[in-house]
Amino acid sequence: MNLVLVFQSLISGIMMGAVYALLGIGFSLTWGVMKVINVSHATFGLIAAFVAYTLFKVFGMDPVASLAVTLPSLFGLGCLVYWFLINPITRAKAVIVSSMILTFGIAIILENLILLVWGADPRLLTTSYTNKVFAIGPLYFQYPRVLGFLMAVVGVTAIQLFLKRTLTGKAVRAAWQQSEASQLCGINLKKISMITFGLAVASAGAGGVGMAMLYSFEPHSHNLWLIYLFLVVIVGGVGNILGAAAGGMLIGVITGLSMAFLPYQWINVLTFGLLMLILIFRPHGLFRSEV
Amino acid sequence: MLRIDSITAKYQDLSAISEVSLDVEDGKITALIGSNGAGKTTILNSVSGLKELSSGRIYWNDRIISGSSPDQIAALGVIQVPEGRKLFPAMTVEENLELGAYLPGPRRDWTKTRKRVFELFPRLEERRKQYTGSLSGGEQQMVAVGRALMALPKLLMLDEPSLGLAPIVTDEIFKIIVELNREGLTALVVSQEVLQTLSISNAAYLLENGKIVLHGAAGAMLADPKVKESYLGI
């Protein structure tokens, strides 16, 4: 076996995986913290990808710079969706199931809005650096992948710092660990949940732009992305940010290695085979669930 | 002062408490005693806004607070130390205390308040970086009281502060309640430790099957034949 090829696939796997992780942390957070499985998570990411595409085509704005527009907008949109749609169902007995049905509806609506605005054609975000590479020794690095990786590192670190260092972030963790006592401390559960949901949706935006830099995308792409989200969360453990990051990388590495050495058809067989093994032997994920 | 005016609260169709009236005077320790399941916790949770009332009203300094949300009630300085501590287990002692001072008012001087809490409970300072899930029961109760003090309470409601604790730790907790009261804190203490609770209290209420059956000065309650027989075993 060619050692350079192994390392090359490992590296590209880690870089791709980091973007899956970025797309997945918010999904893991809303699932873990408020027991809401947001099936429309990837769809919000896809919107950010399309907006980045348009801003690039029309104004020549760099996709990373477009996040300055999309992240705050998605945060606001996420807060509104939480306040008016998710919050009313949080009192339901089976929040997990009702939240899946509700957000499935949101995903369909958003997908059709995308279809209305952008049409059904697949898009490719081709910037000046899309095909550029640099080399370190015998290993090649593609610019968009490095950029996606850096975005993921910044995104995961930012969310982790928010949860561990800021008062609001600590309140999010408190509300998850002991919701009654958190209210007795003066924490407004509805407000805290809204902020969490808004942040999660915004992080999906960053992940969506990261995905758009790696692959072509179309209005249906969020369905495939969603499958990766489940993978990331199930491997990483629900509500575990660093676990999600590690889960994303692991999936990326498996995909990367199998792409290099196996026929194309085997990639998903392997990935989902792994998922089933994890569900059977480690139903709580490879890492401990904890926010 | 806190005035509870004829409140009724239900679980499904069963009344947990019915037409309970109770006053907590400023600067005093008021005891709410009664056996397990009498409805004591339901009364505290009604005051804190965690339990919805079927009827009746609760006033804090002549302002209606029943119907407000728990965070709004906490913002008025009406703070509860819940039964069973209910700490944030995957957080350190320090983080638990910091969250006690979550609201903007208490947040302003929170490191100063924390210093005071560490003076009251030196053991918490030693354990400040430890996760509260790994502490002993007594230490956990200290964190729970400390967390409530971080909110700069005007009224501190303690629900079974001695439950499951060694007598020596119970003594320490009660001593601190008395000390805080001497500094001006108003307290409502809910407990099954009838003798110890009554001996630190000014006034007391006895709850049986969701109804107040007796109330008066704590000293008089201690001498009451019914209390003696049913709760003190004398």
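The values are calculated or read from the model by the stated rules, or taken from the named source; none is laboratory data. Everything quoted here is computed from the prediction, not taken from an experiment. Ideal geometry is used to build each Cβ from the backbone, glycine not excepted, and the neighbour counts take in all protein chains shown. We work out accessible area using only protein heavy atoms, side chains counted, and drop any ligands, DNA or RNA first. Shrake-Rupley method; radii C 1.70, N 1.55, O 1.52, S 1.80 Å.
Just wondering, is there one or more residues in the range A:213-232 that are open to solvent by less than 10 Å² (accessible area, probe 1.4 Å), touching a helix residue (DSSP H, G or I) at 6+ places or on another chain (Cβ under 9 Å), more than 22 Å from A:Ala49 (Cα to Cα) and in a helix (DSSP H, G or I)?
No: zero hits.
Determine whether the range A:136-158 contains at least one residue that is more than 14 Å from every other protein chain (Cβ to nearest Cβ) and assigned to a loop (DSSP other than H, G, I, E, B). Don't jump to the end; show me each part of the working.
Within the range A:136-158, the first condition is being more than 14 Å from every other protein chain (Cβ to nearest Cβ), and the residues that meet it are A:136-158.
Imposing the further condition that a residue be assigned to a loop (DSSP other than H, G, I, E, B) reduces the set to A:137-138.
The answer is yes, given that some residue of the range A:136-158 is more than 14 Å from every other protein chain (Cβ to nearest Cβ) and assigned to a loop (DSSP other than H, G, I, E, B).
Can we say B:Gln12 is open to solvent by 40 Å² or more (accessible area, probe 1.4 Å), without any contact (Cβ under 8 Å) to a residue 24 or more places away in the chain and on the phi > 0 side of the Ramachandran plot?
On the way: open to solvent by 40 Å² or more (accessible area, probe 1.4 Å): yes; without any contact (Cβ under 8 Å) to a residue 24 or more places away in the chain: yes; on the phi > 0 side of the Ramachandran plot: yes.
Yes, satisfied.
All but one of (1) modelled with pLDDT under 95; (2) open to solvent by 30 Å² or more (accessible area, probe 1.4 Å); (3) within 14 Å of another protein chain (Cβ to nearest Cβ) hold for B:Gly37, so report the exception by its number.
The one condition B:Gly37 does not meet is (3).
Across the range B:41-63, what is the number of residues that are open to solvent by less than 10 Å² (accessible area, probe 1.4 Å) and either at pLDDT below 95 or within 15 Å of the chain's Cα centre (by Cα) (or both)?
5
May I ask you to verify whether B:Ser54 is within 14 Å of chain A (Cβ to nearest Cβ), of a type in the set (Gly, Ala, Ser) and more than 22 Å from B:Ala217 (Cα to Cα)? Working first, answer last.
Details: within 14 Å of chain A (Cβ to nearest Cβ): no; of a type in the set (Gly, Ala, Ser): yes; more than 22 Å from B:Ala217 (Cα to Cα): yes.
So B:Ser54 fails the test.
Just to be sure before I move on: is B:Pro161 away from chain A (no Cβ under 14 Å), buried (at least 20 other Cβ atoms within 10 Å of the Cβ) and touching a residue at least 24 places away in the same chain (Cβ under 8 Å) in the structure I sent? Steps first, answer last, please.
Numbers: away from chain A (no Cβ under 14 Å): yes; buried (at least 20 other Cβ atoms within 10 Å of the Cβ): yes; touching a residue at least 24 places away in the same chain (Cβ under 8 Å): yes.
Judged against the criteria, B:Pro161 is a match.
Return the residue satisfying two criteria in turn: it lies in the range A:38-63 and is part of a loop (DSSP other than H, G, I, E, B) and open to solvent by 10 Å² or more (accessible area, probe 1.4 Å), and of such residues it is modelled with the highest pLDDT.
Residues of the range A:38-63 that are part of a loop (DSSP other than H, G, I, E, B), as a first pass: A:38-40, A:60-62.
Within this subset, residues satisfying the condition of being open to solvent by 10 Å² or more (accessible area, probe 1.4 Å) are A:39, A:60-62.
Working: A:Val39: 97, A:Gly60: 94, A:Met61: 94, A:Asp62: 94.
Checked the range A:38-63; the qualifying residue modelled with the highest pLDDT is A:Val39.
Having 3 or more residues that are open to solvent by 40 Å² or more (accessible area, probe 1.4 Å) and touching a residue at least 12 places away in the same chain (Cβ under 8 Å) is the bar; report the strands (runs of 3 or more DSSP E) wholly within the range B:165-234 that clear it. Before the answer, list the steps.
Details: elements: B:186-191, B:203-208, B:211-217.
The strands (runs of 3 or more DSSP E) meeting that bar are B:211-217.
Residue under question is B:Arg85, and the condition is that it be crowded, with 22+ Cβ neighbours inside 10 Å and in a loop (DSSP other than H, G, I, E, B); does it hold?
On the way: crowded, with 22+ Cβ neighbours inside 10 Å: yes; in a loop (DSSP other than H, G, I, E, B): yes.
Yes; evaluated as a whole, the condition is true for this residue.
Against the conditions (1) loosely packed, with under 14 Cβ neighbours inside 10 Å; (2) at pLDDT 95 or above; (3) farther than 24 Å from A:Leu77 by Cα, where does A:Ser128 fall short? Just the number, please.
A:Ser128 satisfies every listed condition except (2).
For B:Ala74, work out the one condition from (1) surrounded by fewer than 21 Cβ atoms within 10 Å (Cβ to Cβ); (2) within 11 Å of chain A (Cβ to nearest Cβ); (3) not polar (S, T, N, Q) it doesn't fulfil.
Of everything listed in (1) surrounded by fewer than 21 Cβ atoms within 10 Å (Cβ to Cβ); (2) within 11 Å of chain A (Cβ to nearest Cβ); (3) not polar (S, T, N, Q), B:Ala74 misses just condition (1).
Among the residues of the range B:94-133, what is the count of those that are open to solvent by less than 70 Å² (accessible area, probe 1.4 Å), charged (D, E, K, R), more than 10 Å from chain A (Cβ to nearest Cβ) and part of a helix (DSSP H, G or I)?
Total satisfying the criteria: 2.
Can you go through A:Ile192, A:Ile187 and tell me which one is within 14 Å of chain B (Cβ to nearest Cβ), buried (at least 22 other Cβ atoms within 10 Å of the Cβ), in contact with a Pro (Cβ under 9 Å, 6 or more places away or on another chain) and without any contact (Cβ under 8 Å) to a residue 60 or more places away in the chain?
On the way: A:Ile192 fails: in contact with a Pro (Cβ under 9 Å, 6 or more places away or on another chain).
Going through A:Ile192, A:Ile187 in turn, the sole match is A:Ile187.
Can you name every residue in the range B:141-153 that is open to solvent by 10 Å² or more (accessible area, probe 1.4 Å) and under 12 Å from the mean Cα position of the chain (by Cα)?
Across the range B:141-153, the qualifying residues are B:Leu149, B:Pro153.
Any idea which of B:Ala144, B:Ala151 is under 15 Å from A:Ala181 (Cα atoms), in a loop (DSSP other than H, G, I, E, B) and at pLDDT 95 or above?
Working: B:Ala144 fails: in a loop (DSSP other than H, G, I, E, B).
From the options B:Ala144, B:Ala151, the qualifying one is B:Ala151.
Of everything in the range B:17-27 that's crowded, with 17+ Cβ neighbours inside 10 Å and under 23 Å from B:Ala187 (Cβ atoms), which residue is nearest to the chain's Cα centre (by Cα)? Quick ask: steps written out before the conclusion?
Of all residues in the range B:17-27, those crowded, with 17+ Cβ neighbours inside 10 Å come to B:17-18, B:20, B:22, B:24.
Now narrow it down to the ones that are under 23 Å from B:Ala187 (Cβ atoms): B:17, B:20, B:22, B:24.
Numbers: B:Ile17: 18, B:Val20: 17, B:Leu22: 14, B:Val24: 12 Å.
Of everything passing the filter in the range B:17-27, B:Val24 is nearest to the chain's Cα centre (by Cα).
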